[in-house]
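Only one structure is covered here, and it is reproduced in the block below.
The values are calculated or read from the model by the stated rules, or taken from the named source; none is laboratory data. Please read all numbers here as calculations on a predicted model, not as lab measurements. Glycine gets a Cβ as well: all are built from the backbone with ideal geometry, and neighbour counts include every protein chain shown. Just so you know, the surface numbers come from the protein's heavy atoms only, side chains and all, with ligands and any DNA or RNA stripped out. Shrake-Rupley method; radii C 1.70, N 1.55, O 1.52, S 1.80 Å.
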Amino acid sequence: MTASPTPQSVLPQHGPLGLLIGGKQVPALSGRTFPTVNPATGHEIAQLAEGGAADVDLAVAAARRAFDGGWSRWTPTQRQALLMRIAALIDERFDDLALLETLDMGAPLTRTRALREPIRQMILFFAAQALSIRGETLQNSLPLNIQSMTIRAPVGVVAGIIPWNGPLISQWWVLGGVLATGCTAVIKPAEDASLSVLRVVELLHEAGMPEGVVNVVTGHGHVAGEALARHPGVDRIAFTGSTATGRRIVEASTVGMKKLQLELGGKSPDIVFADADLDKAVPGAAMAVFTNSGQVCYAGTRLFVQRRIQDEFVARLTEFTRTLRMGNGLDPSVQLGPLISGRQLDRVMGYVQGAPAEGARLAIGGERLGGDLAGGYFVAPTIFADVSNDMRIAREEIFGPVISVIPFDDADDALRMANDTEYGLGGAVWTRDVSTMYRMVNGLRTGTLWVNCYGAVDPVVGFGGIKNSGYGAKGGSDHLDLYLYRKAVYVNIG
Ligand code: NAD
C-alpha cells in the first residue's frame, strides 16, 4: 500500500518549475518567474517560469517537429493503447494529482478526489474516439473513371488555452482530442493554476507519449496566451475562458485563419416551478451555484422561482446553505473552498456589495470569511432574493458563490426572462409536469439543459454553448472536428 501524499510530497521542492518544451523542463528564455499561491492561505507554493513570445516560438516549433516526425502517423490502435496506459497511470497517481489541484486552486479534496472517475471516463472516451475517425467513399457523376473519397486527417498544432477553475479535468478536453487524433499541442494553463497541467504532461511522457507532442508554456495571458493565439505556426485553437478574452482570441485567430472551439462565460437560468419536488430542487439549485464556490462556467446563477413559492423556497435554500462547510480544502469535511485569487475575491465582493443598492434582498452570506480563513480568499455562500433580471448581479457573470433569486409568474414569464441574456451556456428546469418540461426544453436558448437535476456532464453526450457563451462542442461526436480536417480525394482509375 502506498502512503497518502502530503503537501510536501506533491509540491515542487527545488527551484522554479520550468516550461515543458520537447519533453524537457526548461526555464523561460528571459529567466523570469512568477509566484503561484495556495488560495486557501495566500501563501506562495511555487515559482513558475514566465513564458513569453520567444518561448511560445520554441514550443510551437517542438510541436511541429513532433507532428512531422512520425507521431501523426501512429496507427489508431497505437494512439488508443497510449490513452489506455495514460488512464491507468493517472488513476495510479490520482491522489497526488487531487492534492496538488487542491493546493493550487483551492477546490477541496472532497471535490478534487471525486474527479477520479469523471477523468477516467473522459480518457476512455477519447481512447474510443481514436478508433472512430472515418471518411467516406462517395459516388460521383464525373465524366472520367474517378473514384472519390474523403479522408479525415489531423490538422497539426493545436493551441489549448484553459482557465483556472478546474484544470485537473478541463485539460482533458484538449489532451484527449490531441492524443486521439495525432495532433500535437501547446497548452497555456491559467497563471493562477498551472501545477496539475505541468504534472499531468510529465505523466503523459512517462506513459510513452513522444517528446514534443504536448508542450506547456506557463505565463501571463496577455503575453504568452496572446502570442500563442496569434502564432502563425498554430493551426487551431481550443479556448476555455471568459467571453472578453474569447473576443481577443477570435481577433487573434485571423492570423492563419484558425478554426476555433470557444467555451466562454455564462449566466445560466435555473427555473423552479411551484409543482417541483422541492426536496430535490432546493439542494440541486443551491449546488448548481455553490459547487466549486461558484467558479463553474454553467453555474445556474439566475435562479427563477415561481412567485408563489419564493418565500418558502428562499427559506429552505437559506437553511440548506447554513449546512455547507467552507474552509481549507485539506480538511476532509470541507465542501467549499476559497476563490482562486485576491483579484477574484475583490470582483465578487464588488457585485455582492453593490446588489442591495439596486434593491436585492440579502438572505444569507454577503461577506468575506475571517478568523482562521482570513489569509485566504473565502466568500460565504450568498443568496439574494427579490432580484430582477435587469440588475447587475442578474446580467453579469460573477464567478463566485452568489445566487440571484428572481421571481416569475408563469411559464411565459420564465421563458422570456431566462432567454433575456447575452449568454447561452447551461440551464435547468425543475417541474413534475411533462408539458411544462417540454415547453422549457424547446423554448430555452441554451447549449446545455438539465431537467430535475443540474450539472451532469458525460463526455459521450458533451456540452456546449451558444450566443456569447461560445461555439464548438465539447465531447460528443463533434468534439474531434477541431482536431481533424476533411480532405476530398479524386483518384483517376481509368
Ligand atoms: P480568462 O479568460 O481570464 O483566462 C482564460 C485563459 O486565457 C487563461 O489561461 C489566461 O491566461 C488566458 N488569456 C488571458 N488573456 C489572454 C489573451 N489576451 N490572449 C490569449 N490568452 C489569454 O478566464 P479565467 O478568469 O481564467 O476563467 C474564468 C472564465 O472562464 C469565466 O468566464 C468562465 O465562465 C469561463 N469558463 C468557461 C467554461 C466553459 O466551458 N464554457 C469552463 C470554465 C471556465
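Which peptide among 182-191, 384-393 comes first, and what is the full order, when sorted by highest mean count of other Cβ atoms within 10 Å? It would help to have the intermediate numbers written out before the result.
On the way: 182-191: 27.2, 384-393: 19.2.
Ranking the peptides 182-191, 384-393 by packing returns 182-191, 384-393.
Give me the percent of DSSP beta bridges within the chain that run antiparallel, rounded to the nearest 5. Provide the component values of the computation, followed by the final result.
Working: 32 of 68 bridges.
So the antiparallel bridges in the chain amount to around 45 percent.
When the chain is fully extended, how far beyond the present Cα-Cα distance does residue 26 get from residue 433, taking 0.36 nm per residue of separation?
140.6 nm
With Cβ to Cβ distances under 13 Å as the rule, what net charge do the other residues near residue 453 carry (K, R +1; D, E -1)? Kindly include the intermediate steps, with their values, before the conclusion.
Working: positive: 280; negative: 270, 277, 458.
Around residue 453, the charge tally is -2.
Note the angle between two axes, namely the Cα long axis of helix 116-129 and the longest principal axis of the Cα atoms of the chain, as a number of degrees from 0 to 90, rounded to the nearest 10.
Helix 116-129 and the main axis of the chain meet at about 40 degrees.
Hey, how many Å between the Cα centroid of region 233-263 and the Cα centroid of region 419-494?
When both Cα centres are located, 19 Å separates them.
Provide the per-residue ³J(HN,Hα) series for region 8-22, in order, calculated from phi with Karplus coefficients 6.51, -1.76, 1.60 and θ = phi - 60°, each as a whole number of Hz, with x at glycine and proline positions.
Per residue, the Karplus-derived 3J(HN,Hα) values read 5, 7, 9, 7, x, 9, 10, x, x, 7, x, 6, 10, 10, x Hz.
Which listed residue (328, 304, 431) has the Cα farthest towards the positive end of the charge dipole for region 269-458, taking +1 on Lys and Arg C-beta and -1 on Asp and Glu C-beta about the Cα centre?
328
Can you return the aspartates and glutamates within cross-link range of residue 487? Criterion is Cα-Cα under 19 Å, with same-chain partners fewer than 8 residues away left out.
Correct list for residue 487: 68, 136, 235, 478.
Tell me what the chain gives for mean residue ellipticity at 222 nm when only DSSP H runs of n ≥ 4 count, each as -39,500 (n - 2.57), the sum divided by the residue total, rounded to 500 deg cm²/dmol. The partial results should precede the final answer.
Working: 16 runs with 171 residues, N = 494.
The per-residue figure over the chain is -10500 deg cm²/dmol.
Using the Cα atoms as the points, what is the convex hull volume per residue of region 1-50 in Å³? Display every interim value, and only then the final one.
Numbers: hull volume 5.2 nm³, N = 50.
Dividing the Cα hull volume of region 1-50 by its residues yields 104 Å³.
So with the 1.4 Å probe, I'd like the accessible area per residue for the chain, rounded to whole Å².
On the way: 19870 Å² over 494 residues.
Accessible surface, normalised per residue, equals 40 Å².
Please state the charge dipole magnitude for region 269-458, taken about the Cα centre, from unit charges on C-beta atoms (+1 on K and R, -1 on D and E), reported in debye and rounded to the nearest 20. Could the numbers behind the result be given before it?
On the way: 17 positive and 24 negative charges, 59 e Å.
For region 269-458, the charge dipole is close to 280 debye.
Could you give the radius of gyration (one decimal) and Dmax (whole number) of the Cα atoms in the chain, in Å?
Here Rg and the maximum Cα pair distance are 23.4, 83 Å.
Determine the equivalent ellipsoid of region 269-458 by diagonalising the alpha-carbon gyration tensor, then write out the semi-axes as square roots of 5 times the eigenvalues, largest first, rounded to whole Å.
Semi-axis lengths for region 269-458 are 27, 17, 15 Å.
Within region 368-390, name every residue whose backbone N is under 14 Å away from a label modeled 7 Å from Cα of residue 353 along the Cβ vector.
368-369
Once ligands and nucleic acids are excluded and a 1.4 Å probe is used, how much of residue 323 is accessible, expressed in Å² to the nearest 10?
90
Relative contact order for the chain: what percent, with Cα pairs under 8 Å and sequence separation of 6 or more?
Values: 1126 pairs, mean separation 90.0, N = 494.
With pairs under 8 Å counted, the relative contact order is 18 percent.
Only Cα pairs under 8 Å and at least 6 apart count here; give the relative contact order of region 365-472 as a rounded whole percent. Numbers along the way, then the final one.
Details: 136 pairs, mean separation 20.7, N = 108.
Answer for region 365-472 is 19 percent.
Between 0 and 90 degrees, rounded to the nearest ten: what's the tilt of helix 278-290 against the longest Cα principal axis of the chain?
In the chain, helix 278-290 runs at an angle near 60 degrees to the longest axis.
What does the charge count near residue 257 come to, summing +1 for each Lys or Arg and -1 for each Asp or Glu among other residues with Cβ under 15 Å from its Cβ? If you can, show how the numbers build up before the last one.
Values: positive: 230, 236, 258, 259; negative: 235, 251.
Within the 15 Å Cβ shell, the charges total +2.
Listed highest first by mean packing, meaning other Cβ atoms within 10 Å per residue, what order do 199-207, 464-472 come in?
Packing order, densest peptide first, comes out as 464-472, 199-207.
Kindly sort 474, 259 by accessible area of their heavy atoms, largest first, with the probe set to 1.4 Å.
259, 474
About the Cα centre of the chain, how large is the charge dipole given +1 on each Lys and Arg Cβ and -1 on each Asp and Glu Cβ? Please answer in debye to the nearest 20. Don't skip to the answer; put the middle values down first.
Working: 44 positive and 48 negative charges, 253 e Å.
Computed charge dipole of the chain: roughly 1220 debye.
Can you classify region 404-469 as rounded, prolate or oblate using the Cα gyration tensor, where a ≥ b ≥ c are the square roots of its eigenvalues, rounded means a/c under 1.5, and otherwise it's prolate if a/b beats b/c and oblate if not?
Values: a/c = 1.92, a/b = 1.26, b/c = 1.53.
Cα axes put region 404-469 in the oblate bin.
Taking the full set of protein chains and a 1.4 angstrom probe, give the accessible area of residue 454 in square angstrom, rounded to the nearest 10.
Accessible area, nearest 10 Å²: 40 Å².
What does the highest-first list of 113-126, 220-233, 280-293 look like by mean Cβ count within 10 Å?
On the way: 113-126: 17.9, 220-233: 20.3, 280-293: 23.6.
Listed from highest to lowest mean packing, they are 280-293, 220-233, 113-126.
For 141, 72, give the ranking by accessible area with the largest first, probe 1.4 Å.
On the way: 141 120, 72 25 Å².
Sorted by accessible area, descending: 141, 72.
When the Cα centres of region 274-310 and region 207-223 are compared, how far apart do they sit, in Å?
Here the answer is 38 Å between Cα centres.
Show 144, 303, 362 ordered by accessible area, largest first, where the area counts protein heavy atoms only and the probe is 1.4 Å.
These residues rank, largest area first, as 144, 362, 303.
Where Lys and Arg each count +1 and Asp and Glu each count -1, what net charge lies around residue 174 among other residues with Cβ under 12 Å from its Cβ? Walk me through the numbers before you get to the answer.
Values: positive: 188, 236, 474; negative: 263.
Net local charge, residue 174 excluded: +2.
Quick one: check the C-alpha center-to-center distance for region 320-369 versus region 65-116, whole angstrom.
Region 320-369 and region 65-116 have Cα centres spaced 32 Å from each other.
So what is the relative contact order for region 1-111, in percent, with contacts set as C-alpha pairs under 8 Å and at least six apart?
Numbers: 107 pairs, mean separation 33.4, N = 111.
Value for region 1-111: 30 percent.
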